[in-house]
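Report on the following structure.
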Amino acid sequence: MIIFKCKMCGGALEIAGNAGVITCEYCGTKQTLPKLDSDRKATLYDRAGHFRRANEYDKTAAIYETILGEDGADAEAYWSLALCKYGVEYVEDPLTRKRIPTCNRTQFTSILADENYKKAIENADVIVRGMYEEEAKAIDAIQKGILAVSNKEEPFDVFICYKETGDDGQRT
């Protein structure tokens, strides 16, 4: 039995057999699982999950690219790359306690047109494919809402800079 961490909360999931979907006993989120056929792949997914939960999408994407270099038909890796591109973070709704997607990297192209999403759908089994499609529709709706708001705003330039200490060692 392999222990894998929940994509949403990081809780330990005990995966028996070759399950494609599991519900986390800690946060209650139903989620897809990768096909873990080696300890190396499990370690890579665990590391990628850690970085994704920390919103370090570029580091996460590099790990999924490594996984795809070894298994070019890994639907979960393709799906996860799509999530990285759109900066999807699952935040807990304080009222329902349900994890809902939030887009930290809004793109002008819909996730439904994303090549990694399409490859995930192509390589997934029927149950997992349905979950990807449902989640992608929710992400697409969120993305459209963000773009609708941003299209109403006047163009602007922003520069934000922060430095903890100056060259002399004093706080700035």
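The values are calculated or read from the model by the stated rules, or taken from the named source; none is laboratory data. Because the structure is a prediction, the values reported are computed rather than measured. Positions of Cβ are backbone-derived with ideal geometry, glycine not excepted, and every protein chain shown enters the neighbour counts.
Figures for the structure shown
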read-out	value
Filtered residue count, the range 32-46, keeping only those that are of a type in the set (S, T, N, Q) and part of a loop (DSSP other than H, G, I, E, B)	1
Residues of the range 47-64 satisfying the condition of being part of a helix (DSSP H, G or I), under 18 Å from residue 105 (Cα atoms) and touching a residue at least 40 places away in the same chain (Cβ under 8 Å)	49, 52, 53, 57
Residue list for the range 65-85, restricted to those being in contact with a Pro (Cβ under 9 Å, 6 or more places away or on another chain) and either in a loop (DSSP other than H, G, I, E, B) or among the polar types (S, T, N, Q) (or both)	74, 80
Residue that is farthest from residue 33 (Cα to Cα) [pool: residues in the range 65-87 that are of a type in the set (Gly, Ala, Ser) and without any contact (Cβ under 8 Å) to a residue 24 or more places away in the chain]	69
Subset of the range 36-45 (residues that are of a type outside the set (Gly, Ala, Ser), surrounded by 16 or more Cβ atoms within 10 Å (Cβ to Cβ) and within 18 Å of residue 21 (Cα to Cα))	36, 41, 45
Residue in the range 88-95 that is surrounded by 20 or more Cβ atoms within 10 Å (Cβ to Cβ) and in contact (Cβ under 8 Å) with a residue 40 or more places away in the chain present	yes
Pairs with Cβ under 8 Å, 6+ apart, first in the range 130-147 and of a type in the set (Phe, Trp, Tyr), second assigned to a helix (DSSP H, G or I) and buried (at least 16 other Cβ atoms within 10 Å of the Cβ)	132/75; 132/79; 132/117; 132/120; 132/121
For residue 60: the one exception among (1) β-branched (Val, Ile, Thr); (2) modelled with pLDDT under 90; (3) under 17 Å from residue 31 (Cβ atoms)	(2)
